Each structure stands twice: as C-alpha cells, then as structure tokens.
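Peer 1: For reference, the structure I am asking about is given below.
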Amino acid sequence: MSYTWGNPSETRDIAVDGLRVQVRSNLEAALRALAKKRPVQQGILLWIDALCINQGDIGERNREVKRMRAIYQTARDVVVWLGEESDDSGMAMKFVKRLAESCADGTDDVLGRELRTSPEMFVGAWRAIGQLFTRPYWERLWIIQEIAMGNSQTPVLCGDATVRWGHIYHGIYTFGSRHIDIFFSNIERECREGGVRYAGLNRNKLIHLWREGEVQAGKQLPQFLPMLDLGRKSAATDPRDKVYGLLGLMPPEVAASIEPDYEKPIPEVYLSLAKTWVTTSK
C-alpha cells in the first residue's frame, strides 16, 4: 500500500494476528476501506510499511529499505490510498476518469468544445479536483518509487471511490495539455469563488511519476538528476530518505553499493551517493 502516514497524534487501535496495535488514523481508515474489497476478503495479503517493519529498530529499517524495490515490484498490485472522502473527492475522482476516458476514445475535442461553450458544466468538480491534488499524499517522497513500481492499472482509492493511475495521469496531464486554456482557468476560478486555497495540481510531479514508471518498465532511459530533483522537492521526515527513498529507482549497480544506515550523519549519506554515482557511471 502506498499512503501517507498522517498526523502522529491521531491514532486508532486495530487487531493484527490477535494482538492490539496502535496505528495512525489514516492507516486505520485505509484498512477499513480495503476490508470491503473482494481480493482482501478472499485472503490476499497486504504489505504495509508501518506494520511490516519495526520502525523502532534501526537495524531492521536499514535492511528493509534495501528490499523496497523487490517488495513493490513483485506485488500483485500497488494500492494507492489518498485518504477518506472529503471536499467532494468522489466527484473529483469521477470527473478525472471522465476526462481520461475522453482522451482514450478520442472524444476529448468534443468535450473541450462543450466546456468552452457551457462553462456551467461540471459545477463543483473543478474545485474538487483542485483540492484532491493538493492532498498531503502528493508531497510525500516515498510515493515516487511506490507508484513507479506499479503500472497504469494501479488502483487509486479515495474513500469509497476508485480509479486507475492511468486515469489520474491522462485526466490531469493529457487532457490538461490538450485543453490548457480551459482546464486550469476553471480550477482556479472555482477555487477562488469557493474560498479554497489553490497552489497548483502537483502536475509536474505527476509527469515525473509517470516517467519513472516508464523507466522501470524499460520504455525510457533513466535520468539521474531529474530523479534526485524530484526527491529534493518531496517531503520526508528523515532527510536521509532523499537517498534511501529513491534506491529502488536507481541503477542496480548504484543501489547495490549503498548500504542504508539511519545512524549515519546526513552529509555522509549524500556524499556517499555522489561518490558512488561518479564511480559507477564514470
């Protein structure tokens, strides 16, 4: 599961193998939503970092970080959890899917013309999109390799609504690029009219996330500096994760030379990566 941990002061109790375990409220909400899904009801196993790694054991964290690529790459599915339903997120999810499907079946030009002549179409959906893509999830560093190890069919859940990662990318990037004159202006207008703070859609991150997925699928060549830049602009509780959180995306010869150590001084972590990259790439 790919998700954001959320507020450390908001916790809930759950049962894991008969034991009482305290988790943050966002994870508890995700588990409740997933419990309704047929694959989970049929017994499919969930791998969740907060539960499957002893976060208080530095040695275990060091070992498990090296396995992130294998865990996410060999999973049946990477499941994205954006959080609970709020701010008309269900409407936003449906609208994003509609936009993506119009690009896929070639009707986006027709839809674009309708939106230009009838600005009252999809009232409220534009604001909902603006709020959906400013959720904390999109700022998180670890989602970069988690999404990249999935594919276009990766399920994205928000409350009870589900779309695919491909819907997210094409609904925001592809439709937005083809109809840029109305897409962003409508979002900005509705957010302004609704008194909602709007600072963009994290669109550049969506583009880079999609590209990293193409790299992992062998469809594009890796670019080291854009990957590091994407990590630099993402949020991480521990600055060492600016390196360790991207290990799964690095060339195998680079990743194999880096041993995660959460007790190592931060400058040494960064210096070690630079030396390793220069040495392996010549």
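Peer 1: What list of ³J(HN,Hα) couplings, whole Hz, do you get for segment 74-87 from phi and the Karplus terms 6.51, -1.76, 1.60, once you set θ to phi - 60° and write x for glycine and proline?
Peer 2: 9, 5, 4, 8, 9, 10, 8, 10, 8, x, 6, 4, 6, 6
Peer 1: Would segment 223-281 count as rounded, prolate or oblate if I go by the C-alpha gyration tensor, calling it rounded below 1.5 in a/c and otherwise prolate when a/b exceeds b/c, oblate otherwise?
Peer 2: Note, shape of segment 223-281 comes out oblate.
Peer 1: Out of segment 65-173, which trypsin sites (Lys or Arg not before Pro) are coil in DSSP terms and have no more than 12 other C-beta atoms within 10 Å?
Peer 2: Passing both the DSSP loop test and the Cβ count: ARG67, ARG76.
Peer 1: So, one more: Going through the DSSP H helices of the chain, which span 15 Å or more along their own axis at the Cα atoms while scoring at least 0.0 as a mean Kyte-Doolittle hydropathy?
Peer 2: Helices meeting the criterion: 89-105, 266-281.
Peer 1: Order of ASP241, ASP13 from fewest to most other C-beta atoms within 10 Å?
Peer 2: By the 10 Å Cβ count, ascending: ASP13, ASP241.
Peer 1: Gap in Å between the Cα centre of segment 1-40 and the Cα centre of segment 115-149?
Peer 2: Value for the Cα centre distance between the two parts: 24 Å.
Peer 1: A further question follows. Over segment 1-104, what is the mean sequence separation of C-alpha contacts under 8 Å (at least six apart), divided by residue count, expressed as relative contact order in percent?
Peer 2: 31
Peer 1: Rounded to the nearest Å, what's the spacing between the alpha carbon centres of segment 43-104 and segment 224-282? Just the number, please.
Peer 2: 22
Peer 1: For segment 182-282, which GluC sites (Glu not before Pro) pass both filters: DSSP loop (anything but H, G, I, E, B) and at most 14 other C-beta atoms within 10 Å?
Peer 2: GLU263
Peer 1: Just want the ordering: ASP238, ASP261, from fewest to most Cβ atoms lying within 10 Å of their own Cβ.
Peer 2: ASP238, ASP261
Peer 1: In this model, which of LYS66/LYS264; LYS37/LYS219; LYS219/LYS282; LYS36/LYS233; LYS37/LYS205; LYS37/LYS242 are farther than 27 Å apart at the alpha-carbon?
Peer 2: Pairs exceeding the cut-off: LYS37/LYS219; LYS36/LYS233; LYS37/LYS205; LYS37/LYS242.
Peer 1: Apply the Debye scattering formula to segment 11-81, with a single equal point scatterer on each alpha-carbon and no solvent, then give log10 I(q)/I(0) at q = 0.17 Å⁻¹.
Peer 2: Each listed q corresponds, in turn, to -0.76.
Peer 1: Counting pairs of alpha carbon atoms under 8 Å apart in space and at least six apart in sequence, what relative contact order in percent does the chain give?
Peer 2: 21
Peer 1: Let me ask something additional. For segment 1-87, give the magnitude of the charge dipole about the Cα centre (Cβ charges: +1 Lys/Arg, -1 Asp/Glu; no others), in debye to the nearest 20.
Peer 2: 380
Peer 1: Count neighbours as other Cβ atoms within 10 Å of each site's Cβ, and list the chymotrypsin sites (Phe, Trp or Tyr not before Pro) in segment 172-279 that are DSSP loop with at most 16 such neighbours.
Peer 2: Counting only loop positions with at most 16 other Cβ atoms within 10 Å, the chymotrypsin sites (Phe, Trp or Tyr not before Pro) in segment 172-279 are TYR262.
None of the figures in this text is laboratory data; all of them are computed from the coordinates on show. The shown structure was predicted, so the numbers you read here are calculated from the model rather than taken from an experiment. Glycine also receives a Cβ, built like all others from the backbone with ideal geometry; neighbour counts cover every protein chain displayed.
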